[in-house]
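Notes for the one structure printed next.
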Amino acid sequence: LVRGQAKAEALAAGEVKYRHLIENSHDIIYTMTSQGIFTFVSPAWTVLLGHPINQVVGQSFEQFVHTDDIERCTQFLKTVIETEERQEGVEYRVQHADGSWRWHTSSAVPFRNEKGMVAGFEGLARDITRRKQAEDERIESETNFRTFFETIDDIIVVGTPEGKILYGNPALFRKLGYTQEDLCNMHILALRPAEKRTEAEAIFSAMLRGERNNCSLPLAAKNGSLIPVDTRIWFGRWNGIDCFYSISKDLSAEQEAQQRFERLF
């Protein structure tokens, strides 16, 4: 009898601890039927989304999820049933009581009824709105950055401190005649005339050391023609690695104008 009472007390204490964890979790803990009807949501739902719990339990998840994301969530739950295993990582938007949309990610495991059939899901949902906003800002920044690279008329090269070329903008391909595949196997010095490369190497090294900020040697096109430029470099990172950004201003028009003036004079 004493042993049974101790076991009951231990179970009761475990339930209290389990409920305490649920009620104080920053993530939403939920259960739903195999048809997607909520049978339980933890208090975190109200904290994160504003709806009273009694307005959520008994409702379909579709009532709260963005219409563009319902199919993704439905497929996610279908996979849980088909595999009968834990699934995670689905991302979707949920509407807050104030009408705004919040990004969540969810994991779910199936549970069975007394006949051993999958009867529903137990899951955990986490708010990832800040992460998604940061991703959107990063994507927008990268898009603006790439648009600048692709529309500017100056020749831009991104390379490693060792001189390996990582990227060339359309102006480079258009004016020098190289392709992206060509650049992948080229050193930055190969863009200078062969007879000037020793001088170019010394200038490049001085620029990397911060002892010089520009280079006036011409660039050599794939067909051998020379393009007068003024080149400057800046340092940064490209896809997570240290790099330099080389921007070469095409001086062909200025040089032609100078030559025309000299002939006229």
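Remarks
- Three-way shape label, region 28-93, alpha-carbon gyration tensor, a/c 1.5: prolate
- Comparing Ile53, Ile70, Ile241 in a Gaussian network model of the chain where C-alpha atoms under 10 Å apart are linked, the largest mean-square fluctuation is found at Ile241.
- Ellipsoid equivalent to the chain - semi-axes via the Cα gyration tensor, in Å: 65, 20, 17
- Most mobile listed residue (Glu254, Glu150, Glu62) in the chain, GNM with C-alpha springs under 10 Å: Glu254
- All other residues whose Cβ lies under 13 angstrom from that of Gln35 are scored, Lys and Arg at +1 and Asp and Glu at -1, for a net of 0.
- For the chain, the mean residue ellipticity at 222 nm estimated from helices alone is -12500 deg cm²/dmol, where every DSSP H run of n ≥ 4 contributes -39500 (n - 2.57) and the total is divided by all residues, rounded to the nearest 500.
- Rounded accessible area of Ser246 (nearest 10 Å², 1.4 Å probe): 10
- Calculated over region 187-265: convex hull of Cα atoms, volume per residue (Å³): 120
- Non-local lysine pairs in the chain, meaning eight or more places apart or on different chains, with alpha-carbon distances under 19 Å, amount to 8.
- Computed across region 35-154, the Kirkwood radius stands at 16.3 Å (inverse of mean 1/r, all Cα pairs).
- Each Lys or Arg adds one and each Asp or Glu takes one away; over the other residues whose Cβ falls under 13 Å from the Cβ of Lys132, this sums to -1.
- Computed over every Cα-Cα pair of region 76-117 and binned at 10 Å starting from 0, the pair-distance distribution P(r) comes out as 26, 37, 25, 11, 1 percent.
- In the context of the full set of protein chains, the chain has a per residue accessible area of 62 Å² (1.4 Å probe).
- Choice from Arg126, Arg146, Arg237 showing the highest fluctuation, given a GNM over the chain with Cα pairs closer than 10 Å: Arg237
The values are calculated or read from the model by the stated rules, or taken from the named source; none is laboratory data. Not measured: the values here are computed from a predicted model. Positions of Cβ are backbone-derived with ideal geometry, glycine not excepted, and every protein chain shown enters the neighbour counts. Calculation scope for accessible area: heavy atoms of the full protein, side chains included, ligands and nucleic acids excluded. Shrake-Rupley method; radii C 1.70, N 1.55, O 1.52, S 1.80 Å.
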